[in-house]
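Working notes, structure below.
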Amino acid sequence: MRPSYLDMYESGELEDRTRRLVARLSACDICPRECGVDRTQGQLGFCVSPTAPLVTSVCRHRGEEPPLSGTRGSGTIFFANCNLRCVFCQNHQISQNPAAYASHVISPRDLAEDMVRLQEELGCHNVNLVSPTHFVPAIMEALCIAIPLGLRIPLVYNTGGYDAVDVLQMLDGVVDVYLPDLKYASNAVSRRLSSVDDYVEKSRAALAEMYRQVGSHLRWGEGGTVERGMIVRHLVLPGGLAGSEDSLRWLAEQLSPDVALSLMAQYYPAHRAVSMPVLSRPLRPREYADVVRFVQEMGFTNVWTQETRAHDFYRPDFSREEHPFEVDSTGIV
């Protein structure tokens, strides 16, 4: 499939949207926090990020969902920092340690060349932008450079789900595959676990916009990989803290039971969760099995599940920038 961003570039629309997004950085409202700081003058908001991208790792990742990893891997670009503060974040080394990665700033041209390298040198199926929300303007600038350099593979927008609808609208026709989290069904829980007061309404509005753009049906390409569509990730938490049934009921009833769902069992106590009640223990097999049963009852038709030992394979170490995931096996079935 020809990525739709090529048509956007040829029409001039991509550059126009890029200019409009970059202009918003002077009173930043790129994510729902709407900090209003002037990032062009070095002011830092909640994400503690400059305008230029902070990249911690560029690698071929074989541990994503099978339709993204395929046979040649997903070309992941991990950005530093985040607009959430999840106490259990498995990527906490890079998402919540801004001082350690302040020197990892690169130019949009460097980012563009990384995108092309994933395609040309590593042969990846896609460019997978991990935690891209706070760097959307820079990503768009890089894309405008990467296309003349020959970029032709799908873009995956791999996000925690706390995205602004009007920014996502600027990505309509640019992003090929949306890969959002649907973390919580309670703002009280999101406040305690991710330092965000309005996750439920903002994430649901964001997913609804993604669904409007790409629909519920996955478009498949060579090698059995997805070239367009949406896959929603839901991490089952111990003690029912994720509100799994409420979130998945909303997904089925308000969007569609045909939406592709990645139901994750890979939780393990990481970061600050190691000392918190309930979260300091692994997910129990019964807890995950109950959510799998509910998914079946809700009539979801396209679901990836994991073995409950999956947490053994999802312990990244970002001190190994080129190979943060040491083990390729994923436990995804």
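Computed from the coordinates by the stated procedures, all read-outs in this text should not be read as laboratory data. What you see is a predicted model, and the numbers here were worked out from it, not measured in a lab. Glycine also receives a Cβ, built like all others from the backbone with ideal geometry; neighbour counts cover every protein chain displayed.
Worth a mention:
- Between the residues A146, I94, G221, the greatest Cα displacement towards the positive end of the dipole of the chain, with unit charges on the Cβ of Lys, Arg, Asp and Glu, is found for I94.
- Residues whose amide H comes within less than 5 Å of that of L122, counting only those at least five positions distant or on another chain, are absent (H built at 1.01 Å from N in the peptide plane).
- Shown here are the Rg and Dmax of the Cα trace of the range 130-228, at 14.8, 46 Å.
- Dipole of the chain, positive direction: furthest Cα of G161, S131, Y288, with charges on the beta-carbon: Y288
- Projecting the Cα atoms of V48, G73, L14 onto the dipole axis of the range 1-82, where Lys and Arg carry +1 and Asp and Glu carry -1 at the beta carbon, places G73 farthest toward the positive end.
- Principal axis extents of the C-alpha atoms in the range 1-148 (largest first, rounded to whole Å): 41, 40, 25.
- Once you reduce the range 8-30 and the range 87-155 to the center of their Cα atoms, the two points are 17 Å from each other.
- Between helix 13-23 and the chain there is an angle of about 80 degrees, using the helix long axis and the longest principal axis of the Cα atoms.
- GNM flexibility winner over the chain from P137, P277, P98 (Cα, springs under 10 Å): P277
- Partnerless Cys - the chain, beta-carbon criterion under 4.7 Å: C28, C31, C35, C47, C59, C82, C124, C144
- Prolate/oblate/rounded call for the range 55-123, Cα gyration tensor, a/c under 1.5 rounded: oblate
- Applying the Kirkwood pairwise sum to the alpha-carbon positions of the range 4-313 produces a hydrodynamic radius of 19.6 angstrom.
- Per-residue 3J(HN,Hα) values for the range 96-109, derived from phi via the Karplus relation 6.51 cos²θ - 1.76 cosθ + 1.60 with θ = phi - 60°, read 9, 9, x, 5, 6, 10, 4, 8, 8, 5, 10, 8, x, 5 Hz in sequence order (x marks Gly and Pro).
- Put a plus charge on the Cβ of each Lys and Arg, a minus charge on the Cβ of each Asp and Glu, and nothing anywhere else: the dipole of the chain about its Cα centre is then about 760 debye.
- Total charge dipole magnitude, the range 82-143, about the Cα centre, Cβ charges on Lys, Arg, Asp, Glu only, Debye to nearest 20: 300 debye
- Mean Cβ count within 10 Å, highest first, over the residues of peptides 139-147, 187-195: 139-147, 187-195
- Alpha-carbon centroids, the range 259-286 and the range 174-245: separation in whole Å: 17 Å
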